[in-house]
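Below is one structure; the comments refer to it alone.
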């Protein structure tokens, strides 16, 4: 556990411990406003920018410009994510069209609101936006399914501003195996496919951050062996707290540290708190309702064999049975990761708009409550700066530096 290194932080801790949650958030606010706050994984709806999902209004969603501003969230990685579908030409075409729509909507945030947001194509852009009082929008990408069996779309998405890339979601694709296969063999490629291995090299060459969240352990280790730059796990939990297939084992944590990377601990309740002893029995009738076998597996999100249109409903029904996670639970998992791999290799993410959010950080406007909880746990201002954005930006800069080196040495990948 880190210790407070500054008298000011010690004084702030006393204020936080003295009051209720709201007062704690208010007391932590000056510190929160001083550090660069970055949320490394947020999903967006397909109709982002339209009607109630207009980014400029303070709507009923978890992420919009007013909430980012109210929470003093300086930067957010908005993911171009399309769920897994049939691996057919028609399936790929539909998924690519949806991905293109989401990417265009993410880019439009800064285009339509240049006084409030900036599309960040570099770590320097993120820092410049924060200094100017704007929100830095980083375009990310999760699940290579829309790219079919080709690497070519990576170049176009890079040119459009995408700066992080995750290979899979719930289901294997042509790039890699998923930690949550959906109706297919659990092991198809043994980690990364030949296409996925080639993608690692291309992403390094371009200067795109590689995201290992959602991969199998084999895929994580293979990516780390191949990558010439640090990686991130943009939204992951730790198996030492909750033994879920999506969470990272201690060996994966150690390997990411050795790579120089960062594990962004996700505010997703099922990956933060353990179910009660009667959980399996309570799940049985829900599984029956969805036509699933009575036996309960660790993958509780409905991606095992359910069709895509049923997965969200099943996931919500299962998650409703779990204890409500809080900002304390989130920071407990941060503590676990920091204890094992150090303060320089851990960060924070929400997974908002895809099931993320905990009591105390239910939307971006409440981000200061996480800072207050970090202070409660004994983290200094310097520590909190690393956890919220400093570590992510360090990786971003290292990825850019490596790509520049490759370019200067005419593609020499030694």
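The values are calculated or read from the model by the stated rules, or taken from the named source; none is laboratory data. Just so it is clear, the structure is predicted and the values come from calculations on it, not from any experiment. Every residue, glycine among them, receives a Cβ derived from its backbone with ideal geometry; neighbour counts consider all protein chains shown.
For the reader, a short list of remarks on this structure follows.
- Here the condition is being assigned to a helix (DSSP H, G or I) and farther than 24 Å from residue 82 by Cα; of 111, 127, it holds for 127 alone.
- Checking each residue in the stretch 143-158 for being surrounded by fewer than 16 Cβ atoms within 10 Å (Cβ to Cβ) and either in contact with a helix residue (DSSP H, G or I) (Cβ under 6 Å, 6 or more places away or on another chain) or not in a helix (DSSP H, G or I) (or both) picks out 149, 150.
- Output for the stretch 321-339, where each listed residue is in contact with a strand residue (DSSP E or B) (Cβ under 8 Å, 6 or more places away or on another chain) and at pLDDT 95 or above: 325, 326, 327, 329, 330, 333, 334, 336, 337, 338
- In the stretch 94-103 there is no residue matching the filter, namely being modelled with pLDDT of 95 or more, assigned by TED's automatic domain parsing to the domain that holds residue 47 and in a strand (DSSP E or B).
- Selection from the stretch 78-118 of residues that are touching a helix residue (DSSP H, G or I) at 6+ places or on another chain (Cβ under 6 Å) and farther than 26 Å from residue 148 by Cβ: 116, 117, 118
- When residues of the stretch 114-124 are limited to those that are in a loop (DSSP other than H, G, I, E, B) and in contact with a strand residue (DSSP E or B) (Cβ under 9 Å, 6 or more places away or on another chain), the one nearest to residue 390 (Cα to Cα): 122
- Residues located in the stretch 203-222, provided they are in a helix (DSSP H, G or I) and touching a strand residue (DSSP E or B) at 6+ places or on another chain (Cβ under 6 Å): 203, 219, 222
- Just one of the numbered conditions (1) under 29 Å from residue 369 (Cβ atoms); (2) assigned to a loop (DSSP other than H, G, I, E, B) is not true of residue 263: (2).
- Of the residues 368, 362, the single one that is more than 24 Å from residue 243 (Cβ to Cβ), buried (at least 21 other Cβ atoms within 10 Å of the Cβ) and in contact (Cβ under 8 Å) with a residue 60 or more places away in the chain is 368.
- For the stretch 159-180, the set of residues classified as surrounded by fewer than 24 Cβ atoms within 10 Å (Cβ to Cβ), over 19 Å from the mean Cα position of the chain (by Cα) and in contact (Cβ under 8 Å) with a residue 12 or more places away in the chain consists of 160, 174, listed by residue number.
- Within the stretch 367-383, being over 20 Å from residue 268 (Cα atoms), in contact with a helix residue (DSSP H, G or I) (Cβ under 8 Å, 6 or more places away or on another chain) and part of a helix (DSSP H, G or I) holds for 375, 376, 381, 383.
- Selection of the stretch 192-207 for residues being touching a helix residue (DSSP H, G or I) at 6+ places or on another chain (Cβ under 6 Å) and either buried (at least 23 other Cβ atoms within 10 Å of the Cβ) or within 20 Å of residue 249 (Cα to Cα) (or both) yields 192, 200.
- Leading residue by the ranking (surrounded by the most Cβ atoms within 10 Å (Cβ to Cβ)) among those in the stretch 225-254 that are in contact with a strand residue (DSSP E or B) (Cβ under 9 Å, 6 or more places away or on another chain) and in a helix (DSSP H, G or I): 253
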